[in-house]
Amino acid sequence: MNATCRQPFSQAFEKPVESHFSSTDLPPINVSLLQAEFLKPKYWLLWLGIGVMYLVVHLPLRGRWAVGGLLGRLGYHLAAKRRHVVEINLSLCFPELSDDERTALCRDNFRSTGISIIETATVWFRDPKQFDSLVDIEGLDVLQGAAAEGNGVMLLGMHLSTLDFAGAVLGLVAPFDVMYRRNKNKLLEAVMTRGRQRNFPAAIERRNVRDVIKALRAGHIVWYGPDQDYGRKHSIFAPFFGVEAATITATSRITSMTGADIVVFSHYRDLDTGRYRINLRKLDETYPSGDAETDASIINRVVEAAVKEAPEQYWWLHRRFKTRPEGVPRPY
């Protein structure tokens with residue numbers, strides 16, 4: 001990466017950090033890791049895991065990937081329910097593949113997911129600028145040019161497994177706000193919160209659309225991931241890999257309300273070269289179009305194209321097709 005902008009790094013666990021995260025309808029979280037709550041026995045096993053992870057993230061790159069691959073293989077054999085979700089998703093989205101090819105893709109997907117766990121922990125516990133030399137950014141001028149216009153930028157993302165790692169590195173040269181989902185485990189959420197605070201200017205809980213609009217109107221860059229199934233209430237059905245998928249309509253409404261530009265953000269790891277690639281580009285189609293179904297289809301095509309570049313690196317563990325049109329049974 002050839003940019004020079006940097007953010008300060010803080011890894012002191014002793015001091016509580018004042019959270020600047022948006023959390024409408026949610027109580028604020030104390031992100032100090034030394035609060036009495038976390039000394040209870042129910043957290044001891046998790047503390048052990050955090051300690052092991054802290055050691056793993058200081059291994060060389062290939063060592064981190066090897067440990068992540070091992071986690072993925074364990075997950076493939078032990079997490080039968082999640083493996084079933086991945087298998088169903090792949091059968092729906094890649095019907096042209098043989099059974100053996102889909103099995104291989106499923107195994108590769110679990111390996112990628114395991115590596116992503118290590119990558120995420122790496123940018124929680126280490127300074128992301130230590131890894132910018134591993135990352136090539138294509139189209140940084142596109143994002144910076146859009147941001148310079150001052151209308152706000154929706155950084156249109158998707159749940160590729162390198163999201164946290166690539167996002168932290170991109171944030172060094174183009175700081176942006178992120179959206180997140182709160183974890184039910186308080187200790188894990190505190191660790192994740194500290195990581196987000198270190199790597200991003202602000203975070204917005206995924207249900208807080210008002211703060212997304214506010215940030216865009218203020219000229220911020222905001223990461224926004226519209227590629228998951230959030231239920232029927234705020235969605236319409238549009239094809240994703242040829243399968244009707246519940247797709248949120250807020251994406252086009254937010255951009256219409258704010259006038260924000262859209263920049264597509266995709267990111268991949270290359271196990272052969274030991275490098276990462278970030279791609280930033282403008283949408284190829286007019287958006288929003290004024291028609292909700294057309295807009296949903298455009299977004300799904302954007303995500304689909306990004307996934308096809310490295311299908312094993314997509315978050316297939318998500319039940320993307322859990323909401324079905326009337327009369328259509330759930331596949332899981």
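The values are calculated or read from the model by the stated rules, or taken from the named source; none is laboratory data. Predicted model, so just to flag it, every value in this text is computed and none were measured. Don't worry about glycine lacking a Cβ; one is built from the backbone with ideal geometry, like all the others, and counts go over all protein chains shown. In case anyone asks, the SASA skips ligands and DNA or RNA and just uses the protein heavy atoms, side chains included. Shrake-Rupley method; radii C 1.70, N 1.55, O 1.52, S 1.80 Å.
Taken along the Cα-to-beta-carbon direction at a fixed 7 Å, the label points for residue 39 and residue 141 span 5.7 nm.
A probe of 1.4 angstrom, applied to the heavy atoms of all protein chains, finds residue 234 with accessible area near 110 square angstrom. Accessible surface for residue 164 stands near 70 Å², nearest 10, in the context of the full protein assembly shown (1.4 Å probe).
Would you tally the net charge around residue 220, using a Cβ to Cβ cut-off of less than 11 Å, leaving residue 220 out, and scoring K and R as +1, D and E as -1? Please list the in-between numbers first.
Details: positive: 214, 217; negative: 177, 211.
Here the count lands on 0.
Recomputing Kirkwood radius over Cα pairs in Å from the coordinates shown identifies the correct label among (i) 20.1; (ii) 22.1; (iii) 20.8 as (iii).
Computed over the range 194-273, the Cα gyration tensor eigenvalues convert (square root of 5λ each) into semi-axes of 23, 21, 13 Å, ordered from largest to smallest.
If I compute solvent accessible area with a 1.4 Å probe over the protein chains, what percent of it on the chain is carbon and sulfur? Can you show the working numbers first?
Numbers: 8660 of 15690 Å².
About 55 percent, which is the carbon plus sulfur part of the accessible surface.
Centre-to-centre, using Cα atoms only, the range 71-113 and the range 272-332 are separated by 18 Å. When both bridge partners sit in the chain, DSSP labels roughly 45% of those beta bridges antiparallel.
Per residue, how many Å² of accessible area does the chain show with a 1.4 Å probe? List each step's numbers first, then the result.
Working: 15690 Å² over 332 residues.
It amounts to 47 Å² per residue over the chain.
Among the listed pairs 81/184; 233/322; 129/308, those whose Cα-Cα separation exceeds 23 Å are 129/308.
If the segment from residue 151 to residue 284 were pulled out straight at 0.36 nm per residue, it would be longer than the present Cα-Cα gap by 46.0 nm. The alpha-carbon atoms of the range 66-211, seen along their principal axes, cover 49, 37, 36 angstrom, with the largest extent given first.
Extension gain for residue 46-residue 91 works out to 12.7 nm (0.36 nm per residue, less the C-alpha to C-alpha distance). The charge dipole of the range 276-332, taken about the Cα centre with unit charges on the Cβ atoms of Lys, Arg (+1) and Asp, Glu (-1), comes to about 360 debye, rounded to the nearest 20. Distance distribution P(r), the range 156-238, all Cα-Cα pairs, bin width 5 angstrom from 0: 3, 12, 22, 25, 21, 11, 5, 1 percent. The overall shape of the range 186-328, judged from the alpha-carbon gyration tensor, is rounded, with an a/c ratio under 1.5.
Can you compute the helix-only [θ] at 222 nm over the chain? Use -39500 (n - 2.57) per DSSP H run of at least 4 residues, normalise by all residues, nearest 500 deg cm²/dmol.
The helix-only estimate for the chain comes to -14000 deg cm²/dmol at 222 nm.
At full extension, residue 126 and residue 81 could sit 13.0 nm farther apart than now, given 0.36 nm per residue minus the alpha carbon distance.
Which of the GluC sites (Glu not before Pro) across the range 58-130 are loop residues per DSSP, with 11 or fewer other Cβ within 10 Å?
In loop regions of the range 58-130 (DSSP not H, G, I, E or B), the sparsely surrounded GluC sites (Glu not before Pro) are 96.
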